[in-house]
Amino acid sequence: GVNPKKFYPTVGKEKLKAKLKIPSSCPIIISTRSLEPIYDVETLIKAISLVLKSNMDAYFIIVGGGSLKRKLEMMAKRLKISPKVRFIDTVPHMEVAKFLRASDIYVSTSLSDATSVSLLEAMACSLPTVVTDLKGNREWIKDGIDGFLFPKRDFRVLAEKILYLLKNQDIRRKFGVVNRRIVEEKGNYEKEMSKMEQLYKDLLETYKA
């Protein structure tokens, strides 16, 4: 789970966007996965190229370091999308929350996941999500209810889902509200750890008996 007191939505995003030198009126799509093969950020880069052909106002933030950073930066340059993509090295955990609060849509292109803390952090910040159709993601995201699922490595479908959310602000808000509620009910770190603690206590009492 996550701490919803540290990861939470914000109303005014203008100051945060100004620090990133992004116009306040432009939507931000964010990824907070490491730049390693398992997270397949290459699929996101390909999708960005398609998105920007239809929506040049959009900006993308990719937060995280990794062995593929140079390759992905060169790929973005080759596709002529670098001006709209911000690569941010690994940052302290609480800085991630600031980037999420400045954003409008969360994306994860991971090829494998259990329960993704990165996903829960984005949900806690009331972001609509577009994530890979994996069992771990399906536990939290119901396609078309609080976000969208897309097939592994399918950058065209990923681009379609991002564009749909960019064009439908009301849907973005709706998904975000649902996601925040889900985290508060099922993904609150303190509540879930209290349950775990009680289970251990119950087991200890059982063995004492």
Where residues in segment 149-163 are closer than 15 Å to residue 110 by Cβ and not acidic (Asp, Glu), which of them is most open to solvent (accessible area, probe 1.4 Å)? 153
Hits in segment 133-161 - residues which are touching a strand residue (DSSP E or B) at 6+ places or on another chain (Cβ under 6 Å) and not small (Gly, Ala, Ser): 133, 137, 141, 143, 148, 149, 152, 157, 158, 161
Residue list for segment 168-185, restricted to those being in a helix (DSSP H, G or I) and free of Cβ contacts under 8 Å to residues at least 60 places away in the same chain: 169, 170, 171, 173, 174, 175, 177, 178, 179, 181, 182, 185
Cβ contacts < 8 Å: first residue at negative phi, restricted to segment 65-88; second residue charged (D, E, K, R) and open to solvent by less than 50 Å² (accessible area, probe 1.4 Å), any location; separation 6+ or different chain. Result? 87/69
List, please: which pairs have Cβ atoms under 6 Å, are six or more places apart or on different chains, and start with a residue in segment 105-121 that is more than 19 Å from residue 172 (Cα to Cα) and end with one that is aromatic (Phe, Trp, Tyr)? 110/39
Where residues in segment 88-104 are open to solvent by less than 10 Å² (accessible area, probe 1.4 Å), in contact with a strand residue (DSSP E or B) (Cβ under 8 Å, 6 or more places away or on another chain) and over 18 Å from residue 164 (Cα atoms), which of them is modelled with the highest pLDDT? 100
Please go through (1) modelled with pLDDT of 95 or more; (2) outside any strand (DSSP E or B) for residue 199 and return the number of the only condition it doesn't satisfy. (1)
Considering only residues that are closer than 24 Å to residue 186 by Cβ, open to solvent by 10 Å² or more (accessible area, probe 1.4 Å) and either at pLDDT 85 or above or touching an Asp or Glu at 6+ places or on another chain (Cβ under 6 Å) (or both), which ones fall in segment 5-36? 5, 6, 8, 9, 32, 33
Among the residues of segment 127-147, are any in contact with a helix residue (DSSP H, G or I) (Cβ under 7 Å, 6 or more places away or on another chain), surrounded by fewer than 24 Cβ atoms within 10 Å (Cβ to Cβ), within 21 Å of residue 1 (Cα to Cα) and without any contact (Cβ under 8 Å) to a residue 24 or more places away in the chain? no
Working only within segment 105-124, note down all residues that are crowded, with 21+ Cβ neighbours inside 10 Å, assigned to a loop (DSSP other than H, G, I, E, B) and at pLDDT 95 or above. 109, 110
Looking for something under 18 Å from the mean Cα position of the chain (by Cα), surrounded by 20 or more Cβ atoms within 10 Å (Cβ to Cβ), farther than 15 Å from residue 155 by Cα and not charged (D, E, K, R) - is there at least one such residue anywhere in segment 37-57? no
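The values are calculated or read from the model by the stated rules, or taken from the named source; none is laboratory data. Predicted model, so just to flag it, every value in this text is computed and none were measured. Don't worry about glycine lacking a Cβ; one is built from the backbone with ideal geometry, like all the others, and counts go over all protein chains shown. These accessible areas exclude ligands, DNA and RNA; they are computed on the full protein's heavy atoms, side chains included. Shrake-Rupley method; radii C 1.70, N 1.55, O 1.52, S 1.80 Å.
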